[in-house]
Each structure stands twice: as C-alpha cells, then as structure tokens.
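Heads up: the structure comes next, in structure tokens.
What follows draws every value from the coordinates through simple rules; no lab data is involved. These numbers were taken from a predicted model, which means no experiment stands behind them. In this analysis, Cβ positions are derived from the backbone assuming ideal geometry, glycine residues included, and neighbour counts consider all displayed protein chains.
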Amino acid sequence: MAGGIPGTDFPGFGVGLAIVRDGKLLLYRRTRPPEPGHWNIVGGKVDVMEHSATAARREAEEETGLSITECRFLCLSEQIFESDRQHWISVIYTTDKIEGEPRVTEPEKLPEFGWFSADALPSPLSRFAHDAVAALGDDLERRSA
C-alpha cells in the first residue's frame, strides 16, 4: 500500500519498552491518541529496515533520556481503538539494563512520568502497558522484594 498513515489507513507496526528499576515500572502519561491521558510504557513506530529491538531502544532513549544497554522480548500486543480509529500491532520488550535518570524530553507528547510498583499502578493504564504488566507478572513483583 502506497502512502497513508500507519495505524489509521493500515495497521501500524510499533514497539514498546517496559523499563523496570528496583521492582518498579517506568510509565509516562500520553497526550496524543491512541488513549490520550493514559499511562503507558515508552515506544513508537518502527522505521523501514529497522529491527524492532533497535526501534524499542531508540524510541525509549529519545523519550526518556536514558541509555538502554540491553532489551529482551516480552510479548506481542495488538490493539484496535475504535474511538480513535487506530489499529496497532506492537512488539513489547523489557529491560532493567539502563543508565541515567529518566526525564521529560517530549513534553507535548509525554508531559509526566513515574516509577510504579505492580500494586500501585496509575489510572487509567493503557492497553499496551496492561499487556506488559501482565507479561511481566510475578517478575515485576519479585524485583521489588
């Protein structure tokens, strides 16, 4: 398909990165569709000829200011947002191999962030973040012990 907008004119292919430190998950509040106002893992679109793991690392570093030294596959998440007329398929990775402190680097898209434990997640939680938390499961809770 020539032209068009990923996620709207055809299913978009994206990535997410569940960043964990001391048993807490890094989440940012979104301002743009899909799911504006929801708390989400960092991520974005995969560029043509870019491996999804590379895209996850690149997007996370751009959005957080962190240095990501390693990431590993966590799960696949497919979401159809009828209200936003968007359809996304995302490969979600996870890491606890990070350097630095997160910050707001894209205030127009992701104006605030926080570290959240599995028993104190913010609301509303995005569908992608929900899938990441479910895939992390006991591993997220164990890391906080």
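Here is how the numbers come out for the structure above:
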{"quantity": "Magnitude of the charge dipole, the chain, Cβ model with Lys/Arg +1 and Asp/Glu -1, debye to 20", "calculated": "40 debye"}
{"quantity": "The stretch 12-144 pair-distance distribution - Cα-Cα, 10 Å bins, rounded %", "calculated": "13, 49, 35, 3"}
{"quantity": "Degrees, to the nearest 10: 52-64 long Cα axis against longest axis of the chain", "calculated": "70 degrees"}
{"quantity": "Cα centroid separation, the stretch 99-123 to the stretch 25-80 (Å)", "calculated": "12 Å"}
{"quantity": "Most to least packed among 98-108, 65-75 [average Cβ atoms within 10 Å]", "calculated": "65-75, 98-108"}
